[in-house]
1. Enumerate by residue number the trypsin sites (Lys or Arg not before Pro) in the stretch 210-264 meeting two conditions: DSSP loop (anything except H, G, I, E, B), and at most 16 other Cβ atoms within 10 Å of the site's Cβ.
2. Whole-Hz Karplus ³J(HN,Hα) for the stretch 176-183, in order, using 6.51 cos²θ - 1.76 cosθ + 1.60 and θ = phi - 60°, x for Gly and Pro?
3. Could you run the Karplus curve 6.51 cos²θ - 1.76 cosθ + 1.60 with θ = phi - 60° over the stretch 264-271 and give me ³J(HN,Hα) per residue in whole Hz, x for Gly and Pro?
4. Looking at 305, 256, 143, which one has the Cα that reaches farthest to the positive end of the dipole of the chain (charges on Cβ: Lys, Arg +1; Asp, Glu -1)?
5. Which of rounded, prolate, oblate describes the stretch 164-255, given a ≥ b ≥ c as roots of the alpha-carbon gyration tensor eigenvalues and a/c under 1.5 marking rounded, otherwise prolate only if a/b is larger than b/c?
6. Mind checking the alpha-carbon convex hull of the stretch 195-313 and giving the volume per residue in Å³?
7. What 222 nm value per residue comes from the helices of the chain, counting each DSSP H run with n ≥ 4 as -39,500 (n - 2.57) and dividing by all residues, nearest 500 deg cm²/dmol?
8. Pairs of alpha-carbon atoms within less than 8 angstrom and 6+ residues apart define the contacts here; what relative contact order does the stretch 45-167 have, in percent?
Amino acid sequence: MVDTIDKKLQILDFEKPIYVMQEKIEELKKVSMDTNMNYESEIQTLETQTEEYKKELYEKLEPYQKLQIARHPQRPNFFDYVNFISEDFIELHGDREGTDDRAIAGGVCRIGGIPVMLIGTVKGKTTKENLECNFGMPQPQGYRKALRLFEHASKFNLPIITLVDTMGAYPGIKAEETGQGTAIAVNLKQMAKLDVPVISIITGEGCSGGALGLAVSNKVMILEYAYYTVISPEGCASILWRDAQEANKAANALKITGDDLLKFNIVDEVIKEPLGGAHYDPELMAKTLKEAILKSLGEFKNMSPNELKEHRYSKFRALGIYGT
């Protein structure tokens, strides 16, 4: 059966034909009820055609179309996943230097009964929320807060889970003046030296050092419609073609989606999303995510601190090395 149209969901341009077909089905159902005429056969045919079209559409998405799904304003954010996958979450605030960047949040909790440190970038669902968390773009104090939580987790032998969804670290003058580059660089160095398993999932956008500052991990996974890249397609297009409108071309060239990243060993696993994206069924997405996290925790639970560090070192040292 084809799902009833959800009027609350924001429809992307390439999805509009699906909703046109669904509207026709709804109209035919209404006519059938109003006139007591049997259109069941026609309705079933249209529903089958619509479902087939949906599957074909989402199976053949271009990179820039996947990017639009990754940026969907109703896509689940960090706290949505916290509510679905964790128990007893206690948020820990502040960088211990007087600030608390809301673009990065974290705390201790249990996932499947296993105590962990759960940290992630935060986007809002409303304009007010987005302003509070700077549209998911962390400032130096955010990375310092994350580092404090990393070190806390390492001290108390808590595996670390990071959920990354950011268009990048905040590029403003104030952030640069207060050490944005240094804060990210320190995170990269210190994450490599952590004594506990580190698992990162790119849940939406994963742009540049802003994402990597939370993803020097033993295992990096990415959701099916998320992307992970050194620069946004718009930024790349502005540099190469002097025109951000060429972002579609740049997205193809950058190889930013899960399948390509898996081929290049940039990520270790692509996590399947509900048809159309995580925002169509956040609860199912969270269930799948939780299963992937628990499976990954099992892979590293018997490794010593030295083995975990060597594993991370070898993993990132091999990036960009290809045979002749």
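1. Values: sites: 219, 242, 249, 255, 263; in loops: 242, 255.
Filter output for the stretch 210-264: 242, 255.
2. 5, 5, 9, x, 4, x, 5, 4
3. Result, ordered by residue: 8, 6, 6, 10, 9, 7, 10, 9 Hz.
4. 305
5. Values: a/c = 2.80, a/b = 1.36, b/c = 2.06.
Here the stretch 164-255 falls in the oblate category.
6. Working: hull volume 13.0 nm³, N = 119.
Per-residue hull volume (Cα only) is 109 Å³.
7. Details: 14 runs with 155 residues, N = 324.
Using -39500 (n - 2.57) per qualifying helix, the result is -14500 deg cm²/dmol.
8. Working: 183 pairs, mean separation 28.8, N = 123.
The normalised contact order for the stretch 45-167 reaches 23 percent.
Every number here is computed from the coordinates shown, using simple stated rules; none is lab data. It should be emphasised that the depicted structure is a prediction, and the values quoted were computed from it without experimental measurement. Virtual Cβ from ideal backbone geometry, glycine too; neighbours counted across all protein chains shown.
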